[in-house]
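A short worksheet on the structure shown next.
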Amino acid sequence: MTTEQLIERACQLEKKIRVAPEQARLDLQPEFAQVLKRIKDTGVSVPAHLRRTEQVLNDEIVESQFDNMPI
């Protein structure tokens, strides 16, 4: 895939993530992260909106780890 195609795929995933329920967002995170990694590996800067979405997903993953933690 070209860098342009990778960015387009990341944008498609971002759109799905924005409208998906929490569990579906978490399920999409590995693919989204992989696409962003491939973009970074090409040496191209990842667009800011995609980096923000990545950060939100990472925050949700951390939060979900504490959801079932006993007090």
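With n ≥ 4 as the cut-off for DSSP H runs, can you work out [θ] at 222 nm for the chain, using -39500 (n - 2.57) per run divided by the number of residues, rounded to the nearest 500?
Calculated at 222 nm, the ellipticity per residue is -27000 deg cm²/dmol.
How far apart, in nm, are the 7 Å Cα→Cβ label points at Ala33 and Glu63?
Modelled inter-label distance: 1.7 nm.
Would you list Ile39, Ile7 from the most to the least accessible area, probe 1.4 Å?
Highest to lowest solvent-accessible surface, that is Ile7, Ile39.
Given a 1.4 Å probe and every protein chain left where it sits, what share in percent of the accessible area of the chain is carbon and sulfur?
Here carbon and sulfur together make up 53 percent of the probe-accessible area.
If you count only protein heavy atoms and use a 1.4 Å probe, how large is the accessible surface of Val62, to the nearest 10 Å²?
80
Tell me the net charge near Lys16. Cut-off is 15 Å between Cβ atoms, Lys16 excluded, with +1 for each Lys or Arg and -1 for each Asp or Glu.
-3
Computed from these coordinates, which is Rg and Dmax of the Cα atoms in Å: (1) 13.2, 48; (2) 15.8, 55; (3) 15.6, 51?
Of the listed options (1) 13.2, 48; (2) 15.8, 55; (3) 15.6, 51, (1) comes from this structure.
If I model a spin label at Leu26 and Arg52 as a point 7 Å from the Cα along the Cα→Cβ vector, what separation in nanometres do I get?
2.4
Over the chain, what relative contact order in percent results from Cα pairs under 8 Å that are six or more residues apart?
35
The values are calculated or read from the model by the stated rules, or taken from the named source; none is laboratory data. What you are looking at is a predicted structure, and each value in this text was computed from that prediction instead of being measured. Heads up, the Cβs are rebuilt from the backbone with ideal geometry, glycines too, and the neighbour counts pull from every protein chain shown. Areas reflect the complete protein model, heavy atoms only, side chains present, ligands, DNA and RNA absent. Shrake-Rupley method; radii C 1.70, N 1.55, O 1.52, S 1.80 Å.
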